[in-house]
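Just so you know, all these numbers are worked out from the coordinates, no wet-lab data involved. If you're wondering where the values come from, they're calculated on a predicted model, not measured in any experiment. Cβ placement follows ideal geometry from the backbone for every residue including glycine, while neighbour counts extend to all protein chains displayed.
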Ligand code: GUN
């Protein structure tokens, strides 16, 4: 049977470490990490995520605030808030929850965040540094996946890693991280996406699969080889009359089927999900402690 990669446990360990380091930072240097969260509109999922991020800050003794703007707010106002936070020394991290309403240009908003406070790692300066193998903020979900590999001693060296999905938030950055020239990476990476004629052609060759496509139970047992390592980034809601809520959350991988063939697999929920917030906290701590010189 597969090793079940327990993201909840690893995330808790990371958060405990950050809590201890935060107390030291506060005691020795008088710095309290601060994270500002911008939530535009009323997307229910975004509301849940932002509240979870705020709560995580409180648990770690961070300074944190949520600014909520209405769905019809203009871009100028959103940019004004970011400018204010860029100049506020009590704020070390700025996070704009995505997606944004369509009248707001996502790129202009992300570009307005100071790269030195871009704890999501979405700014072109940080995305560029990642591609070049230089230090900088790394997007939280991919950073969390790398932590899971580390924690479970899963070596990527010379392995064929297949990423499904080419988003700027997960697919592209995780592909870049896995192929970095360092001892925790060095994978051979294939990045495939919706235009592939037959995705199983690629996944069947994979030693490691990172599934980030947003399609429930997309990866089936006949698409993978024995002993594959599965990282499931999907969070999909599907109807399930057997549950109290009438739905359940499943990943992009058919866990029931694939777990019998895999050497290791992340469950959904409890795999990659908890790591995202832990790494956001880690990035915010790093920003406060001045880890990166921009
Ligand atoms: N929307 C979905 N994932 C993310 C994320 O990691 N960060 C932000 N800011 N928005 C998101």
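Number of residues in the range 14-42 that are under 14 Å from residue 56 (Cβ atoms) and either out of contact with any strand residue (DSSP E or B) (no Cβ under 8 Å at 6 or more places or on another chain) or loosely packed, with under 13 Cβ neighbours inside 10 Å (or both): the value is 7.
Test residue 72 against the criterion of being buried (at least 22 other Cβ atoms within 10 Å of the Cβ) and either closer than 26 Å to residue 163 by Cα or more than 14 Å from the ligand (Cβ to nearest atom) (or both), and give yes or no. Outline the logic, then answer.
Working: buried (at least 22 other Cβ atoms within 10 Å of the Cβ): no; either closer than 26 Å to residue 163 by Cα or more than 14 Å from the ligand (Cβ to nearest atom) (or both): yes.
Answer is no for this residue.
Note on the range 82-121: among residues that are surrounded by 17 or more Cβ atoms within 10 Å (Cβ to Cβ) and in a helix (DSSP H, G or I), the one that is farthest from the ligand (Cβ to nearest atom) is 116.
Give me the residue from the range 149-175 that is part of a helix (DSSP H, G or I) and within 16 Å of the ligand (Cβ to nearest atom) and, out of that set, farthest from residue 275 (Cα to Cα). Once the filter is applied, the top-ranked residue is 172.
Of all residues being without any contact (Cβ under 8 Å) to a residue 60 or more places away in the chain and not in a loop (DSSP other than H, G, I, E, B) in the range 138-148, which is nearest to the ligand (Cβ to nearest atom)? Just the residue, please.
So the first thing to find is which residues in the range 138-148 are without any contact (Cβ under 8 Å) to a residue 60 or more places away in the chain, and the list is 139, 142, 146.
Add one more test, that the residue is not in a loop (DSSP other than H, G, I, E, B), and what stays is 142, 146.
Details: 142: 10, 146: 15 Å.
Selected residue: 142.
For residue 135, indicate whether it is assigned to a loop (DSSP other than H, G, I, E, B) and touching a residue at least 12 places away in the same chain (Cβ under 8 Å). So residue 135 fits the description; yes.
Restricting attention to the range 122-135, which residues are touching a helix residue (DSSP H, G or I) at 6+ places or on another chain (Cβ under 9 Å) and away from the ligand (no atom under 16 Å from the Cβ)? It would help to see each step written out before you state the result.
Step one: of the range 122-135, the residues touching a helix residue (DSSP H, G or I) at 6+ places or on another chain (Cβ under 9 Å) are 122-127, 129-131, 133-135.
Scanning the range 122-135 gives 125, 129, 131, 133, 134, 135.
Taking residue 214 as the residue in question, decide whether it is on the phi > 0 side of the Ramachandran plot, within 16 Å of the ligand (Cβ to nearest atom), free of Cβ contacts under 8 Å to residues at least 60 places away in the same chain and out of contact with any strand residue (DSSP E or B) (no Cβ under 6 Å at 6 or more places or on another chain). So residue 214 passes the test. Taking the criterion of being within 16 Å of the ligand (Cβ to nearest atom) and surrounded by fewer than 24 Cβ atoms within 10 Å (Cβ to Cβ), the only residue of the range 248-267 that qualifies is 249.
Inspection of the range 184-192 finds no residue satisfying the criterion of being in contact (Cβ under 8 Å) with a residue 40 or more places away in the chain and either within 16 Å of the ligand (Cβ to nearest atom) or over 15 Å from the mean Cα position of the chain (by Cα) (or both).
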